[in-house]
Amino acid sequence: QAVLETVAIITHDKNETSAANGSKPFQIQDVFSLDNEGSEDRTTLIDKEDNVFVMSNRKSKYPKLQLDLRLISDLVVVIVSATIGGITVSCLGQPVIVGYLLAGSLIGPGGLKFINEIVQVETVAQFGVVFLLFALGLEFSLPKLKVVGPVAVLGGLLQIVIYMVLCAISAVLCGAKLSEGIFVGAFLSMSSTAVVSKFLVEKSSTNALYSQVTIGTLILQDCVVGILFALLPILGGNSGLVRGIMSVAKLILVLSMFIIAASILSWSFVPRFLKLMTKLSSQTNELYQLASVAFCLLLAWCSDKLGLSLELGAFVAGVMISTTDFAHHTLDQVEAIRNLFAALFLASIGMLIQVQFLWSHVDILLASVILVIVVKTVVTTVVVKAFGYGIRTSFLVGLSLAQIGEFAFVLLSRASNLHLVQVIPFWLITHDCVTTPLVFKLIPAVLHLGILMHWFPSESNVQNEMIEKRGSS
């Protein structure tokens with residue numbers, strides 16, 4: 001049952017390559033291209049579909065280091081451009097996240113094309129989301145989680161159900177399939193954990209009540225992603241109802257066992273382990289820093305292997321350490337690593353932006369983004385308000401969650417493979433994430449206007465609300 005593949009092998013002659021390069025006009029992209037380096041040592045393969053593969057690491061009978069020069073070059077370009085972009089927007093008084101996104105769009109395939117193949121950069125940048133959630137877990141302790149538990153869990157689930165119902169009704173009215181409407185509502189309910197958490201950390205507002213509700217809801221959404229994956233075959237008609245229910249039940253059971261195991265380790269093993277690392281790192285913090293990163297990655301890896309998400313495992317790892325006396329020390333050790341990989345992740349998101357596509361469809365994209373922001377803000381505000389929170393806190397949570405998250409990319413890809421949706425609005429998600437910095441930038445002005453117009457209570461009333469919520473919990 002093998003498939004016969006015809007492949008053309010192209011060998012590069014040094015003299016011919018040099019002559020060809022000498023007659024080629026200089027372009028700025030050539031500075032970042034590896035096509036002219038060591039061409040006599042490369043083998044280029046082209047398959048019958050005109051896909052080009054460069055065999056850069058040829059086997060040798062002698063042991064030697066295998067370097068991926070393309071990945072090294074791409075990482076250098078991303079880090080340098082993100083640094084320049086961050087410095088530029090910081091001088092203009094804007095959040096550095098805007099600079100990272102703009103830098104990624106400038107160097108990506110939709111910009112100057114310094115980086116054309118971004119899969120490797122995106123893979124490395126995924127560590128940014130992991131460390132962001134790990135740091136949030138360190139700050140978001142269990143007592144704080146209990147305060148917003150009902151609105152985060154029940155309210156988060158209620159929001160997802162409302163989006164599904166609204167989109168299902170819209171799909172039926174527009175003549176589309178009911179399953180398509182339910183799926184669109186599911187991925188619209190997802191918000192960007194990485195982007196929102198980065199803004200909350202930058203604003204140093206992770207201890208605010210609306211931030212706690214926001215983060216709790218985001219974590220609930222990350223947990224629901226696995227359940228949505230189990231439901232996709234049912235919506236696509238590729239799995240029976242009984243099998244789908246069994247898959248969801250199995251996933252919930254695995255999630256429960258994972259949380260129970262983490263709870264047991266958090267009071268039995270983790271404190272002793274961190275205390276030992278502190279003693280061994282009395283002279284230098286290198287070993288403690290390495291142990292903290294290893295613990296985070298190990299929990300994230302275990303979570304992923306169990307069918308849960310990497311982000312959920314990283315967050316649970318942070319919460320486990322937050323129950324000990326080493327939470328602040330651990331955060332100090334991983335903060336620099338978190339910032340580096342977070343910049344990589346946000347720049348890789350920016351690489352997905354196609355400026356030409358955005359300009360050609362600016363009317364449709366603008367209307368879609370505004371619709372998403374308005375609908376999600378209204379629905380979230382109403383749900384949070386129904387749980388007894390003030391209008392100001394509810395509105396802030398609504399604005400914070402008024403975007404589509406990166407998990408929607410994964411859900412859309414899987415739905416496309418199952419032929420559940422015909423048109424995949426990838427660019428809507430990307431550009432919707434780009435508008436998030438603008439929304440967060442407008443929050444202080446909207447709050448000030450709301451206080452002047454007596455729409456929102458004063459800051460003192462918000463502090464009293466937070467005290468009441470913690471007291472009632």
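The values are calculated or read from the model by the stated rules, or taken from the named source; none is laboratory data. Treat the numbers as computed from the prediction; the structure is a model and nothing was measured. Note that each Cβ is placed from the backbone with ideal geometry, even for glycine, and that neighbours are counted across all protein chains shown. Surface accessibility is based on the protein's heavy atoms, side chains included, excluding ligands, DNA and RNA. Shrake-Rupley method; radii C 1.70, N 1.55, O 1.52, S 1.80 Å.
Look at the stretch 394-405: where a residue is more than 14 Å from Ala194 (Cα to Cα) and a partner is assigned to a loop (DSSP other than H, G, I, E, B), sitting 6+ places away or on another chain with Cβ atoms under 8 Å, you get Phe395/Phe456; Val397/Tyr389. One residue stands out among those in the stretch 258-307 that are in contact with a Phe, Trp or Tyr (Cβ under 7 Å, 6 or more places away or on another chain) and farther than 21 Å from Val124 by Cα: the one that is modelled with the lowest pLDDT, which is Ser281. Listed here are the helices (runs of 4 or more DSSP H) enclosed by the stretch 326-394 that have at least 2 residues being among the basic types (Lys, Arg) and buried (at least 16 other Cβ atoms within 10 Å of the Cβ): 362-386. One residue alone among Ala176, Ala168, Ala186 is outside any helix (DSSP H, G or I) and either of a type in the set (A, V, I, L, M, F, W, C) or touching a Gly at 6+ places or on another chain (Cβ under 8 Å) (or both), and that residue is Ala176. Within the span defined as the stretch 337-347, every residue fails to be without any contact (Cβ under 8 Å) to a residue 60 or more places away in the chain and over 30 Å from Val119 (Cα atoms). When restricted to residues that are in a helix (DSSP H, G or I), farther than 15 Å from Gly318 by Cα and open to solvent by 50 Å² or more (accessible area, probe 1.4 Å), the stretch 261-282 contains 6. Of all the residues in the stretch 100-113, those that are modelled with pLDDT of 85 or more and either open to solvent by less than 70 Å² (accessible area, probe 1.4 Å) or in a loop (DSSP other than H, G, I, E, B) (or both) number 4.
Of all residues in the stretch 239-253, those being surrounded by 12 or more Cβ atoms within 10 Å (Cβ to Cβ) and either assigned to a loop (DSSP other than H, G, I, E, B) or at pLDDT 85 or above (or both) number 1. Residue pairs whose Cβ atoms lie under 7 Å apart, sitting 6 or more positions apart in sequence or on different chains, and linking a residue in the stretch 165-191 that is buried (at least 16 other Cβ atoms within 10 Å of the Cβ) to a partner that is of a type in the set (Phe, Trp, Tyr), are Gly185/Tyr163; Leu188/Tyr163; Ser189/Tyr163; Met190/Phe407.
Condition check ((1) modelled with pLDDT of 80 or more; (2) aromatic (Phe, Trp, Tyr); (3) under 30 Å from Ala327 (Cα atoms)) across all residues:
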| residue | (1), (2), (3) |
| --- | --- |
| Lys146 | no, no, yes |
| Gly149 | no, no, yes |
| Gly156 | yes, no, yes |
| Val165 | yes, no, no |
| Ile169 | yes, no, no |
| Ala176 | no, no, no |
| Leu209 | yes, no, yes |
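Cβ-Cβ contacts under 7 Å between residues 6 or more apart (or on different chains), taken from a first residue in the stretch 81-106 that is more than 14 Å from Leu340 (Cα to Cα) and among the polar types (S, T, N, Q) to a second residue that is open to solvent by 30 Å² or more (accessible area, probe 1.4 Å) and part of a helix (DSSP H, G or I), are listed as Ser90/Val96; Ser105/Val355.
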